[in-house]
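Here is the structure we will look at, set down as structure tokens.
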Amino acid sequence: MPENKNTEFDRPGGYATPKGAILVQAKAAKALLEADIRLLGDEVPSHAAPASTVEPAYRADDPDTRLYVGDCRDVLPNLPDRGEVDLVFADPPFNWDVPYDEWKDGMPRAAFERFTFDWLDACVDCLAPHGSIWVNIPDDTCAEIVMHLKRRGLTMINWCVWHFRFGQHRDSSFIMSKVHALYFAKDPANRIWNPDAVLEQSDRAAIYNDPRTQAKSSHAGMRVPMDVWYGPYWGRIQGNNKERRHRHHNQIPEVYLERVILACSNEGGLVLDPFCGSGTTSTVARAWNRRSITTEYGAGNAESAWERIKTIGMLRKGQSSGGSSAIAPKRGPTATA
């Protein structure tokens, strides 16, 4: 039998349409500013950044691309662009004792949380009023980051998951195959959002070749990606991957940054990454004509990253959108081989 929609609701569309998470979160953001949210890192004093003039160690034009060497907690508060950044993307150290060049990745837990809150605060203060921030983080710190950004008054837009199939084997628990991609905005009603730039094929089109989706007046057969991200070129960057930069750990694939940058910034806009790593953010930003600022603690990593940003460039431009993430083969009478 056809579904009969319940129309006894005072909602847009005349039936029981949920109000939506963004609206609910935006209303809660103001209340959370006044909440007494206490976390372990609050017991440690905040980092005090010295006032100084900062100069990039590397710089290129067309578009303006800058790499600063130093502690991001010292560099960001002294940037001349503070308060003008459209988009922040951060993939911080996870405190898993990884050998990140000169950085010591093994702090006591309280100190690591304080470090996390300090760089988050520096990033938030760099954002323009319409700015957004994405944080790539594993299970053990994502809750603290969510709560800190909420108590800073930001609104969660999405809690996405980057899913990969190349997780390391373990016997002690289920294999880790994801990292969280947390998307927050200063003002959800006044943020940069370009859904048309990141469309992918819908399952109706990719699997069923449904004529109804192909007959739509706009975006025929396409949809905005779901909040679990996977597919071709979305895996972890292993040793035989052409994106792989030796001496760098835990690289994020270019398609991940491409989706974030295209969706949440405009051409000519300003993108900030406080943890340069292998330089993926600035590499992708530069390929799509975005200005970018990044910082790197270690001089050796910075030199290697700059070679990629300035000389090698993006290798998989345009591969994050337009395709299909369907997990089932084509089927039905209209399916083709």
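The values are calculated or read from the model by the stated rules, or taken from the named source; none is laboratory data. Keep in mind it's a predicted model, so treat the numbers as computed, not measured. Heads up, the Cβs are rebuilt from the backbone with ideal geometry, glycines too, and the neighbour counts pull from every protein chain shown.
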Among the residues of the stretch 41-51, which ones are part of a loop (DSSP other than H, G, I, E, B) and surrounded by 11 or more Cβ atoms within 10 Å (Cβ to Cβ)? Val44, Ser46, His47, Ala49
Yes or no: the stretch 299-314 includes at least one residue that is out of contact with any helix residue (DSSP H, G or I) (no Cβ under 7 Å at 6 or more places or on another chain), in a loop (DSSP other than H, G, I, E, B) and within 26 Å of Cys123 (Cβ to Cβ). no
So for the stretch 106-118 (the condition being surrounded by 15 or more Cβ atoms within 10 Å (Cβ to Cβ), free of Cβ contacts under 8 Å to residues at least 24 places away in the same chain and within 25 Å of Asn301 (Cα to Cα)), does at least one residue qualify? yes
Those residues of the stretch 101-124 which are outside any loop (DSSP other than H, G, I, E, B) and touching a Gly at 6+ places or on another chain (Cβ under 7 Å), in sequence order: Trp103, Ala110, Glu113, Arg114, Thr116, Phe117
Neighbours by Cβ (under 8 Å, 6+ apart or cross-chain): first from the stretch 68-90, touching a residue at least 60 places away in the same chain (Cβ under 8 Å) and within 11 Å of Val271 (Cα to Cα); second surrounded by fewer than 18 Cβ atoms within 10 Å (Cβ to Cβ) and not hydrophobic (A, V, I, L, M, F, W, C): Asp86/His130; Asp86/Asn266
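Let's see how each residue does on (1) of a type in the set (Phe, Trp, Tyr); (2) part of a helix (DSSP H, G or I); (3) at pLDDT 95 or above:
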{"site": "His248", "(1), (2), (3)": "no, no, no"}
{"site": "Ile252", "(1), (2), (3)": "no, no, no"}
{"site": "Leu257", "(1), (2), (3)": "no, yes, yes"}
{"site": "Leu262", "(1), (2), (3)": "no, yes, yes"}
{"site": "Glu267", "(1), (2), (3)": "no, no, yes"}
{"site": "Phe275", "(1), (2), (3)": "yes, no, yes"}
Go through the stretch 227-278 residue by residue and tally those that are of a type in the set (S, T, N, Q) and under 27 Å from Asn190 (Cβ atoms). 2
Considering every residue within the stretch 249-267, establish whether at least one is among the hydroxyl-bearing types (Ser, Thr, Tyr), closer than 25 Å to Trp134 by Cα and touching a helix residue (DSSP H, G or I) at 6+ places or on another chain (Cβ under 6 Å). no
What number of residues within the stretch 69-111 satisfy the criterion of being within 23 Å of Ala181 (Cβ to Cβ), out of contact with any helix residue (DSSP H, G or I) (no Cβ under 7 Å at 6 or more places or on another chain) and among the aliphatic types (A, V, I, L, M)? 1
Looking at (1) small (Gly, Ala, Ser); (2) over 17 Å from Asp86 (Cα atoms); (3) touching a Ser or Thr at 6+ places or on another chain (Cβ under 9 Å), which is the one condition that is false for Gly298? (3)
Yes or no: the stretch 25-40 includes at least one residue that is more than 28 Å from Lys104 (Cα to Cα), modelled with pLDDT of 85 or more, over 27 Å from the mean Cα position of the chain (by Cα) and part of a loop (DSSP other than H, G, I, E, B). yes
